[in-house]
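The values are calculated or read from the model by the stated rules, or taken from the named source; none is laboratory data. Note that the structure is a prediction, hence the values are computed from the model and not measured. For neighbour counting, all protein chains shown are included, and Cβ atoms are generated from backbone atoms with ideal geometry for every residue, glycine included. Ligands, DNA and RNA are stripped out before the accessible areas are found, and what is left, the full protein with its side chains, is counted by its heavy atoms. Shrake-Rupley method; radii C 1.70, N 1.55, O 1.52, S 1.80 Å.
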Amino acid sequence: MSDIFIGYASEDLERVLPLVSALEKTAWSVFWDRTIPAGKTLRQVIGVEIQGCHTVIVAWTVNSVNSEWVQEEAEIGRRRKILVPVLLDKVEPPFGFGGIQAANLVAWHGENSSPAFTRLVSDIAAVIGPAPAATKEREGGWRSDAEERHKTEEDRLREQEGERMEEEGRRKAREENQRRVEPGSGQTWFQRRLALVRRLYGPTAASAAVAVLIALIVVIQ
């Protein structure tokens with residue numbers, strides 16, 4: 001059975017075809033062709049389809065509002081609580097159907113992006129659930145978001161690991177420079193160099209050497 005059954009007057013076939021095409025692009029299945037298979041009657045075919053579909057769309061026009069056949073299809077849809085009327089002309093629906101809000105497609109020209117058509121799709125989705133095309137697109141978006149989150153998390157972890165290793169390297173360099181001691185001397189590398197400068201050049205030169213050494217240490221770090 002089809003997702004959508006479209007009831008319309010035969011005189012309006014050309015006007016209904018753009019609606020059929022737009023709905024089929026949502027991946028909903030649509031019954032609209034009144035071709036009768038061999039050995040069947042129109043009433044048999046229509047009866048099976050309209051009783052098995054998930055929603056009934058009736059296209060109200062100047063022709064269909066006076067069609068007993070279309071009115072009967074609309075009545076079946078109303079009894080099943082799956083009727084979604086559509087206005088293709090500025091007409092009043094037949095007596096008994098005026099209280100059911102109809103989607104206004106009077107100025108619609110077949111665009112799927114039209115606000116009027118988008119509202120119709122929402123109205124249909126309220127009856128039979130989201131259009132398959134919209135569901136697939138949304139699920140694809142969810143997968144992409146999940147993959148993007150996973151990728152971002154991996155990048156963050158790699159960045160943290162790189163920072164940790166860099167900091168570890170700096171820490172080891174500082175320890176090496178500050179704690180390197182000659183066997184038995186009890187002095188650090190810095191203390192040995194400072195003592196040597198004082199012995200060779202005196203206190204003033206030692207002060208200058210301290211500044212140079214500190215600068216070198218900063219560069220090394």
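Before moving on, here are some points about what is shown:
- Residue match in segment 39-60 (condition: among the small types (Gly, Ala, Ser), in contact with a helix residue (DSSP H, G or I) (Cβ under 6 Å, 6 or more places away or on another chain) and within 19 Å of GLU111 (Cβ to Cβ)): yes
- Test: residue in segment 132-154 that is open to solvent by 50 Å² or more (accessible area, probe 1.4 Å), modelled with pLDDT of 65 or more, more than 16 Å from ILE4 (Cβ to Cβ) and assigned to a helix (DSSP H, G or I): yes
- The residue pairs whose first member lies in segment 107-125 and is within 17 Å of GLU24 (Cβ to Cβ) and in a helix (DSSP H, G or I), whose second member is open to solvent by 70 Å² or more (accessible area, probe 1.4 Å) and not small (Gly, Ala, Ser), and whose beta carbons are closer than 7 Å, counting only pairs six or more residues apart or on different chains, are PHE117/GLU111.
- Checked against (1) modelled with pLDDT under 95; (2) within 22 Å of LEU88 (Cα to Cα), THR41 passes all but condition (2).
- For segment 3-31, the set of residues classified as part of a helix (DSSP H, G or I) and open to solvent by 20 Å² or more (accessible area, probe 1.4 Å) consists of SER10, GLU11, LEU13, GLU14, ARG15, LEU17, PRO18, SER21, GLU24, listed by residue number.
- If the condition is being open to solvent by less than 70 Å² (accessible area, probe 1.4 Å), under 34 Å from the mean Cα position of the chain (by Cα) and in contact (Cβ under 8 Å) with a residue 40 or more places away in the chain, then segment 32-67 contributes GLU49, ILE50, GLY52, CYS53, THR55, VAL56, ILE57, VAL58, ALA59.
- Tally, over segment 68-83, of residues that are crowded, with 21+ Cβ neighbours inside 10 Å, of a type outside the set (Asp, Glu) and out of contact with any Pro (no Cβ under 8 Å at 6 or more places or on another chain): 3
- Segment 84-106, subset open to solvent by 60 Å² or more (accessible area, probe 1.4 Å) and either at pLDDT 95 or above or not small (Gly, Ala, Ser) (or both), residue farthest from LEU19 (Cα to Cα): PHE95
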